[in-house]
């Protein structure tokens, strides 16, 4: 069964053929680290996380590169985001970058998003960007004016091939600010001359300045994945100008095709409008995680196609919470039942025919899941296989027909497909690790109270038994003048 | 009470006078990220962590910069460490860097080491390094030969002022490899011409190459702290050539003094020999954390002066474990007693005179701690104040003389000095958060068994009470054909 990917470049589903035999090279545009990330970011990065997880599950080695934009690029009001953040918090720009890069990875870790293999930072690749700009100048795709360098879009025949825009249709002065220095209004900056006191600036052959926004992705993807690589991902909002400019830069400078497959995620909407920092209609990932479990947020995101827009609402997240719980409870029941089978033997074992039928059924769910994922990573369809399987396995446990082999098959599906691939089924161990101190405290208090009752009833044997059993668990009771307290033995 | 710092530069304790009124600027040489860090690294970074924590506790704002060396520098056998790591693990050099940078911060987080405000990477500051080299060339402190650039030590009058070495005494060809290109055997590389297939290389005015090891610290400290800053830290093993070269580079290029205070940590020894990767006598931080608690490792490190060597041994770590436990148990007893006082009222309250005497005593311990830390961060002496106080407060709790005000004073000392400053007293909340799933599971099982017993004894009221109380805590019992299981309600 082969994997197909909807390639934005061809606007068609294509069979995926990686350049190297077993290594998939993949680049995804990362965040600009100037503030906490919101659920719109989560949609993009959870989606690509599942892409990477599925490729790895399918046996590929993946080199996943995702950049960190820390040089900043202009906001609509003409102010650099990083510098704006630095002024807001009265610190050095690089402290802003450290703070929000850390915050970003914290959020991603909390969401169970696999870390990229390389997270290159724009500020860390100034020489590489300068070299690529020099190459573009040498090949006549760029020109210098007053210490800034621009890309000449008219020189690149295929400009617009990703977004489907045509240069002729792009009128000057409407959506794009005209700079007098440019030869064509659509030309974009590769290198920008720094104003006198600009904090982020570097020396270059054209004087002190800083790179344009687009060149970092071309330079860093070339450095770590090669001029031609397999998959380029990002949010669809950046298809123009950012992605279009990346193609123009890379293909002109390197003389070979850039990414073979373009995958762009749909936007997260709030009442039909894009969730974004600038519109103020956002929910940060940290806020969301205070209210919802990571599995619920992932399931919400995976309930739609990655390339479709999704609507954020409390109702949708509540539904995702219920869905995640339904799958996790079923998975837990399977683990518990397996555990009991191991402890107590098979019990009233089902007959072989029923058992075989159920194993086949689970295999079919696994196939359904696999077909869905191989069809352009159709996570919602894959999810439906897990939901349907949960219904069947719950019923089999209820009526006692879930034999050990059936339970083992089901447990493997939950762990591999629900856990490793989609990241929505909590591992048995992870779930067990999440011991709650509050719950523990209340359990111990409950036992202390029971011991007190036993003593009041002069049932000293029972009182002592409670004390001794607690000591075995490592909980030492201490009777003092003010009541009984406890401490944990080391 | 003013802070004194032993300044390696003057070989004397000096009163600390920061350059800026309230901001302390501090740079510490960070790790080369090519493998997991070991306890030798922990000694250095925990020591400086306590320096930063003490400065902040004293009311200073601190900008703490610690670099990440990811360009690699030569090993004794002439091979680049990063490239060696990459070959060992069959991945790209930058994947090695990502992996071990993450591992380093994981270890530091686990040890409770505060993150630096800025963690600049050498590879991210190639232009800054090139600029500084250009400055050194322009001022005649450096010379180019065949695409490499060397620093001319004879041109810098004060070369050797930190380590106390004199150029005349440094003989060629003995401990230092002679390169024919150098004018003087002690000259060191600022920029190294890259061999044809060298993976880490950048363009420069002298052709493709990579920076020498020392220049990164000069360039990055200048960028983030200014040419002249307050404190430069590191391990004493790098005093020569690394720190000496930093001074020579920075002072020659910038024309002002480099760091005002040099603080160097003593080496961690194993049977009298330095713990190091190359000698193979190391224990990684991850290994150590599997056996010992973070507080125990910190206490082991803080039991000696930061600038003295320390001897690693299992006995020393066991002693530190006991010590950390002694302090933490006392701190927990104080918190518990305060809690009970809050719940039950003052109980058999001590008289005011006793109470006043105890409060004074605790204040004296606080003073002892403060004096010790202000005397060149004498953590072992500060620790002894906490140990002595623990003895007294334990006795006061035992004999019922610890009134609420006494307990409050003691709790503040544990939390502020033991917790915030030294990082060895677990916070009440952190300790409470560390609920153990295994313990919880056993507690629940104990209650399930008690319920079963009650049912066998036909004491259904008690059996149901257990079930209901558990449900209140969020633990739902499910009786099935194979026994009673439970699940956690959401």
Given points 7 Å out from each Cα along the Cα-Cβ axis, report the residue B:12 to residue A:316 separation in nanometres with one decimal. 7.0 nm
7 Å along Cα→Cβ for the label point: how many nanometres lie between residue A:318 and each equivalent label in the other copies, listed shortest first? 5.9
Between the modelled labels at residue B:20 and residue A:405 (7 Å from Cα along Cα→Cβ) the distance in nm is 7.2 nm
Closest approach to the B/A rotation axis among chain B Cβ atoms, residue and whole-Å value: B:124, 2
Compute log10 of I(q)/I(0) for the range A:1-149 with the Debye formula, placing one identical point scatterer on every Cα and leaving out solvent, at q = 0.14, 0.15, 0.21 Å⁻¹, to two decimals. -0.90, -0.99, -1.29
Can you pull the percent of Cα pairs in chain A with separation above 37 Å? 42 percent
Projected label distance in nm at residue A:184 and residue B:181, using a 7 Å step from Cα toward the beta-carbon: 4.4 nm
Viscosity 1.306 mPa s, temperature 10 °C: Stokes-Einstein D of the protein assembly as shown from its Kirkwood Cα radius, in µm² per second? 49 µm²/s
Other-copy label distances relative to residue A:14, 7 angstrom Cα-Cβ extension, nm: 6.5
Square roots of five times the Cα gyration tensor eigenvalues for the range B:274-399, Å: 36, 18, 9
Label-zone membership for the range A:386-428, site residue A:339, 7 angstrom Cα→C-beta point, backbone N under 12 Å: A:428
When ranked by the protection proxy of mean other Cβ atoms within 10 Å per residue, highest first, what sequence do the peptides A:161-169, B:82-90 form? B:82-90, A:161-169
Roughly how many whole Å is it from the C-alpha centroid of the range A:75-126 to that of the range B:270-325? 35 Å
Of the DSSP beta bridges with both residues in the protein assembly as shown, give the percent that are antiparallel, rounding to the nearest 5. 55 percent
Treating the point 7 Å from Cα along Cα-beta-carbon as the label, what are the nm separations from residue B:449 to the other copies, to one decimal? 2.2
According to the Kirkwood expression over distinct Cα-Cα pairs, how big is the hydrodynamic radius of the range A:437-488, in Å? 11.1 Å
For residue A:488 and residue A:154, what does the FRET efficiency come to when R0 = 51 Å and r is the distance between their Cβ atoms, rounded to the nearest 0.05? 0.10
Taking a cut-off of 22 Å, what percent of all Cα-Cα pairs in the range B:205-299 are separated by more than that? 48 percent
Two-decimal Rg/Rh across the range A:92-220, once Rg and the Kirkwood Rh are taken from alpha-carbon atoms: 1.03
Would you mind calculating the gained length between residue A:367 and residue A:273 on full extension (0.36 nm times residue separation, minus the Cα-Cα distance), in nm to one decimal? 30.2 nm
Globularity ratio of the range A:4-291, using Cα Rg and 2.2 N^0.38 Å: 0.98
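Values quoted throughout were computed directly from the atomic coordinates according to the rules given, and no laboratory measurement underlies them. Just so we're clear, the structure is a prediction, and the values are computed from it rather than from any experiment. Note that we place each Cβ from the backbone using ideal geometry, even for glycine, and neighbour counts take in every protein chain shown.
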